[in-house]
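All of the numbers you see were taken from the coordinates with simple rules; none came from a lab. If you're wondering where the values come from, they're calculated on a predicted model, not measured in any experiment. Here the Cβ is made from the backbone with ideal geometry for all residues, glycine too, and neighbour counts use every protein chain on show.
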Amino acid sequence: MEADFVALPVRPRIAVLMAVFQGADWLSEQLESILAARDVDLTVFASIDPSTDASDDLLQAWASRDARVVVLPKIAPSGGAARNFFRLFRDVDLSGYDYISLADQDDVWLDCKLARACKLLREDEAEGYSSNVLAFWPDGRERLIEKAFPQRRWDFLFEGPGPGCTFVLTAALGKNLQAFVAAHWSKLMGVGYHDWFIYAFVRARGSRWVIDSWPGLRYRQHNHNELGANSGWFAAWQRWKKVSNGWALSQTALIVDLLGLSAEPFVREWQTRGDCWLARNANQCRRQLLGRFLFFLICLLVCVSGKRFRSHA
């Protein structure tokens, strides 16, 4: 998976925000891979959701021997990874950094992941970066998770750009997000996926996001993944339940509300004309061709059933 790479002329300074919960089995391997990053200067800021394993002791030991690892003060249980990441944005001092990166506790990063992301952000004049990942399982299986499909006009209202653990953001974006999180903390507690929201935050502002086809990390799959690779029939069934019970589109409605998009013509049309209209406009709503087809079918089935899972923002 080695990428064609040319080092940046100046070493970027990167704040890596890591949300931790029951991660002791994998933290050391993850931290070793992050701290081995080439051609960048970085600091890992870890926020630990109260855990019953050795996560806290392990991170404190890392922090005591490597100044690049900083453990934030303990918090009450957050209730999920999204809230823990929002806490990181709220509480970490981002001044002095050129880029902000997000990290899970259980992956393995390639050593040029961060430098490549910074290079592409500069070349594309983008604010946000994500990438494909190589999922791997304990039994030795591996599978490329493809996310680098062409972006559509409104895809950010209905899906994220790939796993948040691949995200690298410009410092300007990070500071804008930090201010937004502080100002909208209560409403953000209803957001299920921080990565989806961050992508929408960037795209709704008309800024650029680059999705890299190169997989910069090994994406560990295990029984405790909060989301994971979304592979297999069980994952497909879980996704269908979230759409059919209205949860997914309620998240869209929350994003519309938070980002002040209710006056957009696309959103107004959807609110007025409902899910049959949304089905006819599925081409604008998902990046992958198969995803657009399935989105069309789901909207059509919802419309025929008489339910109205439209945005109420």
Cα-Cα longer than 30 Å, checked against 119/187; 113/187; 147/175; 74/119, kept in input order, equals 119/187; 113/187; 74/119
What span do the alpha-carbon atoms of the range 101-217 cover on each of the three principal axes, reported in whole Å from largest to smallest? 44, 32, 26
Ellipticity estimate at 222 nm from DSSP helix runs (n ≥ 4, -39,500 (n - 2.57)) divided over the chain, nearest 500: -12500 deg cm²/dmol
Treat the count of other C-beta atoms within 10 Å as a stand-in for reagent exposure and order 74, 113, 119 from fewest to most. 74, 119, 113
Two-decimal ratio, the range 37-151, of alpha-carbon radius of gyration to 2.2 N^0.38 Å: 1.21
Taking C-beta distances below 4.7 angstrom as the pairing criterion, name the unpartnered cysteines of the chain, in sequence order. 112, 118, 165, 285, 299
Given the convex hull over the Cα atoms of the range 13-220, what projected area results after averaging over all orientations, in nm²? 11.3 nm²
Sorted largest first, the C-alpha extents of the range 55-96 along its principal axes in whole angstrom are 29, 28, 13
